[in-house]
Amino acid sequence: MINSKPMVISKQMLEEFITNGMNGKDLKLVLKKLLYESDLRKNQNRLSMPMNQLEKNIEFLTENEKEDLENGKEFEVGLLGPRLKKHEKPMMMKMWRLKSTSSYVLKTNWNEFVEENKKDLKPRSEIQVWSFRKDNQLFFALLYV
């Protein structure tokens, strides 16, 4: 029987998995947040990462990535779920400018990711979003806290 409780992964476990299991590097905590209904609603199909909630003094984007986002472009990123399983379909990252703040959003295939990880991703769940690089591509790891 599959354990239905959310799985809590420590930073050390995440770091070991990324370094040894994925040959990744440059792990950084990007954001801590509560998941809102809007992050999980099917008609929204996105995870919002408001810039005013990002960890202070964290640089996880390359200059080219920042420039692309500033210019309204989006690009592909990889995503690990709360149980360290790589989501097979890529996510697209984009910047949304809102009246009060701007947000980075992970979109495209987000609903499938939520469905795959529904045991761990519930409204009001506290999550951490970590960034890392694998072969210079940006990845995120979303952990349940």
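The values are calculated or read from the model by the stated rules, or taken from the named source; none is laboratory data. On a predicted model such as this, the values are computed, not experimentally measured, just so you know. Reconstructed Cβ throughout: ideal geometry from the backbone, glycine too, with neighbour counts over all protein chains shown. Each accessible area value is taken on the protein alone, full model and side chains, heavy atoms only, with ligands, DNA and RNA left out. Shrake-Rupley method; radii C 1.70, N 1.55, O 1.52, S 1.80 Å.
Brief remarks on what is shown
- Computed with a 1.4 Å probe over protein heavy atoms only, the accessible surface of the chain comes to 57 Å² per residue.
- Computed extension length for Asp135-Leu98: 10.1 nm, one decimal, from 0.36 nm per residue of separation with the Cα-Cα distance subtracted.
- Largest first, the residues Ile58, Ile18 sort by 1.4 Å accessible area into Ile58, Ile18.
- Between the range 70-89 and the range 93-134, the Cα center-to-center distance that results, in Å: 9
- Only one of [x] 1.23; [y] 0.94; [z] 1.21 was calculated from the structure for Rg/Rh (Cα atoms, Kirkwood Rh), and its label is [y].
- Rounded percent of accessible protein surface that carbon and sulfur make up, the range 1-82, 1.4 Å probe: 46
- Taking the chain as a Gaussian network of alpha-carbon nodes connected by springs under 10 Å, the highest mean-square fluctuation of the residues Met93, Met49, Met13 belongs to Met13.
- Extension gain, Glu70 to Lys122: 0.36 nm times the residue separation minus the Cα-Cα distance gives 15.6 nm.
- Under Karplus coefficients 6.51, -1.76 and 1.60, residue-wise ³J(HN,Hα) of the range 82-95 in Hz, glycine/proline x: x, 10, 6, 9, 6, 6, 5, 8, x, 9, 10, 10, 9, 10
- Mean residue ellipticity at 222 nm, helices only, the chain: -4000 deg cm²/dmol; runs of at least 4 DSSP H residues each add -39,500 (n - 2.57), and the sum is divided by the number of residues.
- Efficiency of FRET from Cβ geometry, Met7 and Lys42, R₀ 25 Å, rounded to 0.05: 0.60
- Put simply, the amide H of Ser125, placed in the peptide plane, has neighbours under 5 Å in Leu35, leaving out anything fewer than 5 places away on its chain.
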